[in-house]
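What follows is a single structure, written as structure tokens, with notes after it.
The values are calculated or read from the model by the stated rules, or taken from the named source; none is laboratory data. Remember, predicted model here, so these are calculated numbers, not experimental data. No Cβ is skipped: glycine too gets one built from the backbone with ideal geometry, and neighbour counts run over all protein chains shown. Heavy atoms of the whole protein, side chains included, go into the accessibility calculation; ligands, DNA and RNA do not. Shrake-Rupley method; radii C 1.70, N 1.55, O 1.52, S 1.80 Å.
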Amino acid sequence: MEVTSFRAEDLFKWVTRPGEEFLLLDVRVNEQFDRFKVEGPFLSNMVNVPYVEFVEHEEESVARVP
């Protein structure tokens, strides 16, 4: 699996431009996710699975990602 990095400006374009379909996988811990969530008028699919859960429970975590 290849990991690709994106800039904040890229994310802003995606969540504010109609027709951009993507899954936002947020891997921050629950406390950080609860304090601040990415929002936008065209953000249709977001999943939060903390990174540590991928490390500790890989198969279950992968199953939570569409």
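Among the residues making up the range 1-31, a single one is on the phi < 0 side of the Ramachandran plot, of a type in the set (Gly, Ala, Ser) and open to solvent by less than 90 Å² (accessible area, probe 1.4 Å): Ala8.
For the range 5-17, filtered to residues that are under 13 Å from the mean Cα position of the chain (by Cα) and assigned to a loop (DSSP other than H, G, I, E, B), the residue that is farthest from Pro41 (Cα to Cα) is Ser5.
Within the range 32-49, work out how many residues are without any contact (Cβ under 8 Å) to a residue 12 or more places away in the chain and either of a type in the set (Phe, Trp, Tyr) or open to solvent by less than 60 Å² (accessible area, probe 1.4 Å) (or both). Residues in the range 32-49 being without any contact (Cβ under 8 Å) to a residue 12 or more places away in the chain and either of a type in the set (Phe, Trp, Tyr) or open to solvent by less than 60 Å² (accessible area, probe 1.4 Å) (or both): 1 in total.
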